[in-house]
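Chemist: Supplied in C-alpha cells, the structure appears directly below.
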Amino acid sequence: MTMIRTTIATISALLLLALPARAADDGIAAPTLRANVTVTSDVVRVGDLIDNAGSAALIPVYRSPDLGTTGALPVAQVLGVLRAKQVIGVMTGDIREVQVTRLARTLANKDLENAVAFALERRFGLGDAANIAVTFDRGVSDMRLDASNTGALLPVATRYDARGGRFDIAFEIGNDNNPTPTKLRLTGTAIETVEVAVLTRDIDRADMLKSSDISLERRPKAEVTGEPASRDRSVGMQLRRPMRAGTPIRVADIVKPDFVQRDQAVTIIYQVPGLYLTTRGKAVESGAEGDTVSVLNLQSKRTLTGVVTGRGQITVQGASASVPIAPAVEQTSSLKRDEAPAPIDTAAIVRSLVVPPASPAQVAQAQIPQVRASQAPAKSE
C-alpha cells in the first residue's frame with residue numbers, strides 16, 4: 001500500500017511539472033531555467049539553475065567552476081541532467097546555454113604584500129610599511145578564496161630574520177560558513193627601501209645637474225649610506241667628485257655650483273643707494289652664489305670683499321670697498337633741524353675704486369716746496 005501511495009505522489013508531481021500552463025492557472029509558478037547562474041559553493045544545485053524548483057532545489061547536479069571563473073552549459077545537457085533527477089517540464093524560452101559563475105574573494109598580489117608589510121611595520125628594526133619591499137617565495141600571484149572568507153587578514157604568528165630579510169607569517173581569515181577561520185601562510189623576503197635620486201648618465205665634477213640627469217628609484221636602505229638627496233635638492237647642484245650612471249646621490253655628494261673660479265676675470269659691481277658702478281676685476285678665491293669672496297680691482301689694484309651674485313659677478317656693498325664714510329653727525333641744539341645732511345661724495349667713491357693710491361715717493365715729493373727759477377744770483381762784494 002505504501003509503495004502505491006509513493007507512486008501516485010510521484011506521478012502527481014510529474015504531472016504538475018508537465019502541465020505548466022495549468023499550474024499557472026492554479027496559482028503555482030512554473031519552473032523556469034535561468035540564463036545566468038551565480039554560485040558560492042563547490043556544487044551547482046537544481047535551485048541554482050531554475051526558479052521555482054520546489055523541493056528539488058537542494059539536489060546537486062554539477063560541480064562548480066573554479067573559483068572566480070565562469071563556465072557554459074548547453075540547455076539540452078542541462079535538461080537531460082534535470083530529467084535524470086526527476087525534474088521535468090522546465091520552461092527554457094529562447095535560452096541556448098547557461099552561464100555559471102562561481103564567486104570568489106580575490107586577494108591581489110599587492111594586497112598580500114601590504115598585509116606582510118603592515119605585519120612587519122616598525123618591528124625588527126624596520127620602518128614604515130610604505131618603505132618595505134616584499135618578495136614572495138615561488139612567485140605568489142593573485143590568490144582566490146571561497147567567497148565566504150570575508151574576514152580581514154590577521155597575522156597570528158610572525159617570524160623575521162633581520163640579517164637575511166627572511167619572513168614567515170601565518171594569517172587567519174574569518175569564514176562566514178565555518179566557525180574555524182581559514183589559515184594562510186606566506187614566506188619570502190622583506191627589506192626596507194628609501195627613495196633616492198639616481199644619476200641617469202656619467203657626470204663630471206664641473207657639470208651642473210639637470211632634471212634629465214636624475215631619476216627617482218627605490219633602493220635598499222642598506223645600500224645608501226648617509227642621507228639620500230631628493231630630486232628637487234639635486235637639480236642645479238654640482239657633484240663633489242665624478243660619478244657614474246646608476247649611482248644614488250647623497251646629500252654629502254652635492255654642493256652649490258661655483259659661479260666664480262679663482263683667478264677668473266669677473267665684473268665688480270659697486271652699489272649704494274643712487275650709485276651703480278661696474279669695473280673689471282680678478283677673483284682671488286672661488287665661491288658659489290651667496291658666498292663672500294675677495295676680488296682684485298684691476299684698475300685700482302685694490303683687493304675688495306664682495307658677495308658672489310651671479311656667474312662671473314661680484315657685488316661690493318658700501319663700506320666693503322673700504323670707502324671712507326663721514327661719521328654720523330650727532331644731533332645737538334646747535335644743529336638746525338632744517339639743515340640737510342651732507343651729500344654723498346660720488347667723486348671720492350669713484351676715485352677710491354678706480355684711481356690707484358699715491359706711492360710714498362709721490363707723497364714726499366708733493367711735500368717739498370718747488371724752488372722758483374727766477375731767484376736772483378748772489379751779489380759779489
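The values are calculated or read from the model by the stated rules, or taken from the named source; none is laboratory data. What you are looking at is a predicted structure, and each value in this text was computed from that prediction instead of being measured. Ideal geometry is used to build each Cβ from the backbone, glycine not excepted, and the neighbour counts take in all protein chains shown.
Chemist: Within segment 133-153, is there a residue that is over 30 Å from V251 (Cβ atoms) and in contact with a Pro (Cβ under 9 Å, 6 or more places away or on another chain)? Explain how you work it out, then say what you get.
Modeler: Taking segment 133-153 first, the residues over 30 Å from V251 (Cβ atoms) are 136-153.
Retained after the next criterion (residues that are in contact with a Pro (Cβ under 9 Å, 6 or more places away or on another chain)): 149, 151.
Yes, because at least one residue in segment 133-153 is over 30 Å from V251 (Cβ atoms) and in contact with a Pro (Cβ under 9 Å, 6 or more places away or on another chain).
Chemist: Right, here's the next one. Among the residues in segment 217-224, are any in contact with a helix residue (DSSP H, G or I) (Cβ under 9 Å, 6 or more places away or on another chain) and either without any contact (Cβ under 8 Å) to a residue 40 or more places away in the chain or buried (at least 16 other Cβ atoms within 10 Å of the Cβ) (or both)? Before the answer, list the steps.
Modeler: Taking segment 217-224 as the starting set, the residues that turn out to be in contact with a helix residue (DSSP H, G or I) (Cβ under 9 Å, 6 or more places away or on another chain) are 218, 221.
In the following step, the residues that additionally are either without any contact (Cβ under 8 Å) to a residue 40 or more places away in the chain or buried (at least 16 other Cβ atoms within 10 Å of the Cβ) (or both) were identified as 221.
Yes.
Chemist: Would you mind finding the one in T158, T182, T187 that is in contact (Cβ under 8 Å) with a residue 40 or more places away in the chain and closer than 20 Å to N109 by Cα?
Modeler: Numbers: T158 fails: in contact (Cβ under 8 Å) with a residue 40 or more places away in the chain; T182 fails: in contact (Cβ under 8 Å) with a residue 40 or more places away in the chain.
One residue alone meets the criteria, T187.
Chemist: V90 is checked against (1) farther than 20 Å from T38 by Cβ; (2) in contact with a Ser or Thr (Cβ under 8 Å, 6 or more places away or on another chain); (3) not polar (S, T, N, Q) and fails just one. What number does that condition carry?
Modeler: (1)
Chemist: Among the residues of segment 81-117, which ones are in contact (Cβ under 8 Å) with a residue 40 or more places away in the chain and either in a loop (DSSP other than H, G, I, E, B) or among the aromatic types (F, W, Y) (or both)?
Modeler: Q86, V87, I88, G89, V90, T92, G93, I95, L103
Chemist: Restricting the search to segment 272-284, which residues are out of contact with any Phe, Trp or Tyr (no Cβ under 6 Å at 6 or more places or on another chain) and surrounded by 15 or more Cβ atoms within 10 Å (Cβ to Cβ)? It would help to see each step written out before you state the result.
Modeler: Within segment 272-284, the first condition is being out of contact with any Phe, Trp or Tyr (no Cβ under 6 Å at 6 or more places or on another chain), and the residues that meet it are 272-276, 278-284.
Passing the criteria: V272, T279, G281, K282, A283, V284.
Chemist: Taking T225 as meeting all but one of (1) at pLDDT 90 or above; (2) farther than 25 Å from G290 by Cβ, write down the number of the exception.
Modeler: (1)
Chemist: Scan segment 256-265 and tell me whether some residue there is farther than 20 Å from T200 by Cβ and aliphatic (A, V, I, L, M).
Modeler: To start, the set of residues in segment 256-265 that are farther than 20 Å from T200 by Cβ comprises 256, 258-265.
If we keep only those that are aliphatic (A, V, I, L, M) too, we end up with 260, 265.
For segment 256-265, residues farther than 20 Å from T200 by Cβ and aliphatic (A, V, I, L, M): present.
Residues are listed down the side, and each one gets a yes or a no for (1) on the phi > 0 side of the Ramachandran plot; (2) surrounded by fewer than 19 Cβ atoms within 10 Å (Cβ to Cβ); (3) among the small types (G, A, S):
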{"position": "R34", "(1), (2), (3)": "no, yes, no"}
{"position": "L49", "(1), (2), (3)": "no, no, no"}
{"position": "A53", "(1), (2), (3)": "no, no, yes"}
{"position": "P74", "(1), (2), (3)": "no, yes, no"}
{"position": "R83", "(1), (2), (3)": "no, yes, no"}
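Chemist: Further, regarding this structure: Can you find a residue that is more than 21 Å from the chain's Cα centre (by Cα) and among the acidic types (D, E) anywhere in segment 247-262?
Modeler: Checked segment 247-262: at least one residue is more than 21 Å from the chain's Cα centre (by Cα) and among the acidic types (D, E).
Chemist: Just to check your reading of the model, which residue among F136, F171, F167 is of a type in the set (F, W, Y) and out of contact with any Ser or Thr (no Cβ under 8 Å at 6 or more places or on another chain)?
Modeler: On the way: F136 fails: out of contact with any Ser or Thr (no Cβ under 8 Å at 6 or more places or on another chain); F167 fails: out of contact with any Ser or Thr (no Cβ under 8 Å at 6 or more places or on another chain).
The match here is F171.
Chemist: Further, regarding this structure: What's the total number of residues in segment 41-56 that are in contact with a Pro (Cβ under 6 Å, 6 or more places away or on another chain) and either under 20 Å from L67 (Cβ atoms) or not assigned by TED's automatic domain parsing to the domain that holds K85 (or both)?
Modeler: Of the residues in segment 41-56, 2 are in contact with a Pro (Cβ under 6 Å, 6 or more places away or on another chain) and either under 20 Å from L67 (Cβ atoms) or not assigned by TED's automatic domain parsing to the domain that holds K85 (or both).
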